[in-house]
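I have placed the structure first, in the form of structure tokens, so that the comments after it can refer back to it.
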Amino acid sequence: MPTSAHNYAIQFRKNVSDKYIIYNSLFAALPYSGVANVGALLPILLQTCEEGFSKDKSPIEIVDYFFRQHTYVASEKEKLDHLFKYVQYMERQVVLFDAIEDAAFSSVNEVDGIGSLKALIRDAEFLDNTDALRKKLEKFKVRLVLTAHPTQFYPANVLGIIHDMGEAIGKNDFNTINQYIQQLGLTPFFNKKQPTPTDEALTLMWYLENIFYHSVGNIYSTYCSRCF
């Protein structure tokens, strides 16, 4: 009989890994001016790094070898420009993976299993302890603590694209997903100046408005209405 870990691995591969491989291919058409075939060169760079580290080569030696063998880049400025484009490309790949993983959360995780609110209500009804659970929920409080760091600080327009792309991924809407990926290719992820604590707080409020506000209502209407 398959274990829960085995089932998790199957669901993760089906709903996250396989989808990432398909949608990641769309990045090949991203409009990164000045650097052609970024997606094609990245796997070669990875292999060059792995082989170089296995031979105790320094990072500078590995990078110089990569550019010398696989590109026509010569100057230090061109090398830095190329590396910056690779970072841009990978950053958007991370966003894509996160969006796919978020869209697959209920498929990959047992959201109604042991420890969930639904399971708690079900057990209370089975044991005829609904009144005790109701009294407990009346006093139950949650304090949300959202943290941020300047290196993980997405502008509001990027957060909107990530959110909408996650919804499109959940519906397997290939054309819409492709449009959002193209938008990510044109939308800058960096801020011109370091965000202040107030800037970070305002951005985190985006999650309160667009995620938590709807989640609380959904939780109450789906589960808690049975207890009150």
* Asked: Of all residues in region 163-173 being in a helix (DSSP H, G or I), out of contact with any Phe, Trp or Tyr (no Cβ under 8 Å at 6 or more places or on another chain) and not charged (D, E, K, R), which is surrounded by the most Cβ atoms within 10 Å (Cβ to Cβ)?
  -> 166
* Is region 201-213 home to any residue that is modelled with pLDDT of 75 or more and closer than 25 Å to residue 39 by Cα? -> no
* **region 115-136 - residue that is small (Gly, Ala, Ser) and surrounded by 12 or more Cβ atoms within 10 Å (Cβ to Cβ) and, of those, nearest to residue 218 (Cα to Cα)** => 116
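Identify, from the list 150, 155, the residue that is within 16 Å of the chain's Cα centre (by Cα), surrounded by 10 or more Cβ atoms within 10 Å (Cβ to Cβ), at pLDDT below 80 and under 21 Å from residue 203 (Cβ atoms).
Numbers: 150 fails: within 16 Å of the chain's Cα centre (by Cα).
Selected residue: 155, the only one of 150, 155 that is within 16 Å of the chain's Cα centre (by Cα), surrounded by 10 or more Cβ atoms within 10 Å (Cβ to Cβ), at pLDDT below 80 and under 21 Å from residue 203 (Cβ atoms).
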* Please enumerate the residues belonging to region 1-54 that are in a helix (DSSP H, G or I), within 17 Å of residue 90 (Cα to Cα) and at pLDDT below 75. => 28, 29
* Under 8 Å between Cβ atoms, at least 6 apart or on separate chains: pull out the pairs that start in region 71-88 with a residue that is under 16 Å from residue 189 (Cα atoms) and end on any residue that is surrounded by fewer than 11 Cβ atoms within 10 Å (Cβ to Cβ). => 85/34
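Tell me, which residue of region 58-87 that is aliphatic (A, V, I, L, M) and not in a loop (DSSP other than H, G, I, E, B) is farthest from residue 47 (Cα to Cα)? Spell out the reasoning first.
Within region 58-87, the first condition is being aliphatic (A, V, I, L, M), and the residues that meet it are 60, 62-63, 73-74, 80, 83, 87.
Next, only the ones that are not in a loop (DSSP other than H, G, I, E, B) stay: 60, 62-63, 80, 83, 87.
Numbers: 60: 15, 62: 10, 63: 11, 80: 19, 83: 16, 87: 16 Å.
Once the filter is applied, the top-ranked residue is 80.
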* Asked: Cβ-Cβ below 7 Å, separation at least six or inter-chain, first residue in region 92-121 and among the basic types (Lys, Arg), second in a loop (DSSP other than H, G, I, E, B): which pairs?
  -> 118/112; 118/223
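Looking at residue 112, is it within 25 Å of the chain's Cα centre (by Cα), under 22 Å from residue 189 (Cα atoms) and surrounded by fewer than 16 Cβ atoms within 10 Å (Cβ to Cβ)? First the steps, then the outcome.
Numbers: within 25 Å of the chain's Cα centre (by Cα): yes; under 22 Å from residue 189 (Cα atoms): no; surrounded by fewer than 16 Cβ atoms within 10 Å (Cβ to Cβ): yes.
Here the answer is no, as residue 112 does not meet what is asked.
Quick check on this structure: which one of 221, 225 is modelled with pLDDT under 75, part of a helix (DSSP H, G or I) and surrounded by fewer than 15 Cβ atoms within 10 Å (Cβ to Cβ)?
Working: 221 fails: modelled with pLDDT under 75.
From the options 221, 225, the qualifying one is 225.
The values are calculated or read from the model by the stated rules, or taken from the named source; none is laboratory data. The structure presented is a predicted model; accordingly, all values stated were derived computationally and were not measured. With ideal geometry, Cβ positions are generated from the backbone for all residues, glycine too; neighbour counts draw on all protein chains shown.
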